[in-house]
Amino acid sequence: MANAPYTEKVIEYFQNPKNVGEIEDPDGYAKEGSPACGDMVELFLKVDDDTHEIKDIKFKSYGCASNIATGSIITEMAMGSTIEEAKDISWQEAADELGGLPDLKTHCSVLAVDALREAIRNYEERQGIGEGKKETTVEVVKERLKHVMNPMTGVDVIQTDLIHDIEVEDGKISIKVDLEEDHQFASAVKEDIKEKLEPRWDVEEVVVKFVE
Ligand code: FES
């Protein structure tokens with residue numbers, strides 16, 4: 001089909017994606033959402049703590065064909081590489097590897113690559129190495145919360161002003177969210193915030209409060 005929007009390789013990877021699934025007790029994990037379309041990807045890593053090689057990698061996509069194909073190709077590219085090498089995999093490389101993607105679909109491969117980078121970041125935060133070595137401050141918390149989606153808009157909770165107060169003291173982070181406790185999305189937002197911050201090596205407790 002000359003005018004088909006997808007290359008044969010995209011279609012093939014979409015129909016037979018590689019490395020789909022979950023890893024129990026992962027060393028690195030990320031759940032990333034796309035502000036452009038509201039879709040989501042989860043990515044799981046097993047990493048060798050001595051060599052920092054990726055021993056296993058799996059993903060779950062709630063996105064479109066481009067996203068599934070990119071998730072498949074980047075997990076193949078990352079498998080067996082070190083986390084430093086995997087950080088350098090770009091959405092452009094992934095798209096080239098797939099024989100190109102329509103412009104409109106760029107964000108889908110960006111989303112898959114972001115999930116990989118965030119899962120590596122999550123590993124580094126648990127280990128207190130690389131980018132994850134930074135001490136947790138209010139600024140760092142804000143930065144990390146840019147990767148938590150506001151489910152009502154599909155844009156992150158910082159940009160949409162959903163977070164009111166952030167306090168960091170002696171390993172305890174307290175966050176106030178501009179939602180009522182019984183709001184339909186309150187528990188999902190709370191869970192996502194905790195998931196993003198609790199693994200940090202210097203964080204002992206994350207308390208999420210809602211408006212009265
Ligand atoms: Fe949402 Fe592709 S349109 S991931």
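Coordinate-derived values only; no laboratory data. Source: prediction; values computed, not measured. FYI the Cβ positions are ideal-geometry reconstructions off the backbone, even for glycines, and counts take in every protein chain you see.
List of remarks:
- Tabulated pairs, the stretch 30-52, first on the phi > 0 side of the Ramachandran plot, second within 15 Å of the ligand (Cβ to nearest atom) and not polar (S, T, N, Q), C-beta under 7 angstrom, 6+ apart or interchain: Gly38/Gly154
- Among the residues of the stretch 117-145, those identified as among the aliphatic types (A, V, I, L, M), under 25 Å from Lys58 (Cβ atoms) and in a helix (DSSP H, G or I) are Ala119, Ile120.
- Hits in the stretch 1-56 (condition: touching a Pro at 6+ places or on another chain (Cβ under 7 Å) and crowded, with 19+ Cβ neighbours inside 10 Å): Phe44, Leu45
- Residue satisfying all of: in the stretch 65-122; among the acidic types (Asp, Glu) and more than 16 Å from the ligand (Cβ to nearest atom); surrounded by the most Cβ atoms within 10 Å (Cβ to Cβ) among these: Glu97
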